[in-house]
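Participant: Here it is: the structure, laid out below.
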Amino acid sequence: MDSIEALKLFYLLAQGIKYITSHHIVHNDIKPENIMFHENVPVITDYGTARSNSEINEIEVERLLGRL
């Protein structure tokens, strides 16, 4: 893969991450194995460990209060 193709891939992945975070989702497990391609477009998969921002905030509050 040449540098231009790598930059395009990185840009598309960054756009995907921007999209899911704009919907208040934290993926938690982005790695090469969780990226598939559909017609040469990368698709972020495996949302099994994903959490919403509100869920993460609730857990963080519990942790700070010493309950976790």
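Participant: If amide H atoms are built 1.01 Å from N in the plane of the peptide, which residues on other chains or at least 5 residues away come under 5 Å of the amide H of Val26?
Facilitator: Arg51, Ser52, Asn53
Participant: While we're on this one: Per residue of the range 30-41, what does 6.51 cos²θ - 1.76 cosθ + 1.60 with θ = phi - 60° give for ³J(HN,Hα)? Whole Hz please, x for Gly and Pro, Karplus curve as stated.
Facilitator: Those phi angles translate into 7, 7, x, 5, 9, 10, 10, 10, 10, 6, 6, 10 Hz.
Participant: Something else: Net charge near His27: determine it from the other residues with C-beta under 11 Å of the C-beta of His27, scoring Lys and Arg +1 and Asp and Glu -1.
Facilitator: 0
Participant: How long is the gain from Glu5 to Asp29 if the chain were fully straight, where each residue apart is worth 0.36 nm and the alpha carbon distance is subtracted? Don't skip to the end; give the middle numbers.
Facilitator: Details: separation 24, 0.36 × 24 = 8.64 nm, distance 2.37 nm.
Value of the extension gain: 6.3 nm.
Values in this text are rule-based calculations from the coordinates and carry no lab data. Fair warning: this is a prediction, and the values are worked out from it, not measured in the lab. Using ideal geometry, Cβ is built from the backbone for each residue, glycine included, and neighbour counts are taken over all protein chains shown.
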